[in-house]
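Novice: If you scroll down you'll find the structure; I have some questions about it.
Quick note: the coordinates plus some simple rules give every number you see, no bench work behind them. Note that the coordinates shown come from a computational prediction; the quantities given were computed from them, not determined experimentally. Cβ: placed from backbone, ideal geometry, glycine included. Neighbour counts: every protein chain shown.
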Amino acid sequence: ALFLDSDAEEIIFKLNEIPHGVYIAIWLLKHMRDVQDSAFELTKLNLNQMDWEYDKIEKLPENISELDSLVELDLYGNGLEDLPQSIGLLQNLEVLQLSDNRLFQLPEEIQNLTQLRYLGLELNELEEFCGDFSQMTALQTLDIRHNRYLSCLPKNIPCTIINNDPMLSYPPDSPTLR
């Protein structure tokens, strides 16, 4: 049995030095307390991928922006209802998977993710999707399937939109639809 107390920080640093140690440290942190408490400790690891799929996360901590080396963040299948504004500070993020949550809206700061290539928003409760996405030039795919309350999209989305709702209206200069 492994008991973590005040030495948890030292254990995390040591795990970071061995192959696959980062994954062990993440598992330990995820299982010893909830994400809100462990996110700060995760900043001590140089992570480029974070998989919190189906971890029953209802709220991301504001200090998520401290995980500034993240390239991929997978939050599929949680209970998220909103995102902190600080998510827009994850400047290296290329993949953001937010599908199958309870998101009603996205913070405007999401448009600051200029390296983002994929944004998964399928199976949420988005009501509006506003803003100027023209600076998100790396964005290749926006998945908005099964957002029954979404009525329109903003102009300047520079990517392919995956959608299955024929009632959703698009601006006249919208990108290719699938």
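Novice: Using only the C-alpha atoms of the range 57-103, find the volume of their convex hull and express it per residue in Å³. If you can, show how the numbers build up before the last one.
Specialist: Details: hull volume 2.9 nm³, N = 47.
Once divided by residue count, the hull of the range 57-103 is 61 Å³.
Novice: What FRET efficiency, computed as 1/(1 + (r/R0)^6) with R0 = 25 Å and r the Cβ-Cβ distance, is obtained for residue 62 and residue 160, rounded to the nearest 0.05? Mind showing how you got there, number by number?
Specialist: Details: r = 32 Å, r/R0 = 1.27.
Result of the calculation: an efficiency of 0.20.
Novice: Once R0 is set to 25 Å, what does the formula 1/(1 + (r/R0)^6) return for the Cβ-Cβ distance between residue 151 and residue 71, expressed as a FRET efficiency to the nearest 0.05?
Specialist: With R0 = 25 Å, the Cβ-Cβ based efficiency is 0.15.
Novice: Evaluate the relative contact order of the range 58-97 (contact order divided by residue number), counting alpha-carbon pairs under 8 angstrom at least 6 apart; express in whole percent.
Specialist: Details: 54 pairs, mean separation 22.4, N = 40.
Value for the range 58-97: 56 percent.
Novice: Still on this structure: Please work out how much length the chain gains when fully extended from residue 81 to residue 55, using 0.36 nm per residue of separation minus the C-alpha to C-alpha distance, in nm with one decimal.
Specialist: Working: separation 26, 0.36 × 26 = 9.36 nm, distance 1.43 nm.
7.9 nm is the gain from fully extending residue 81 to residue 55.
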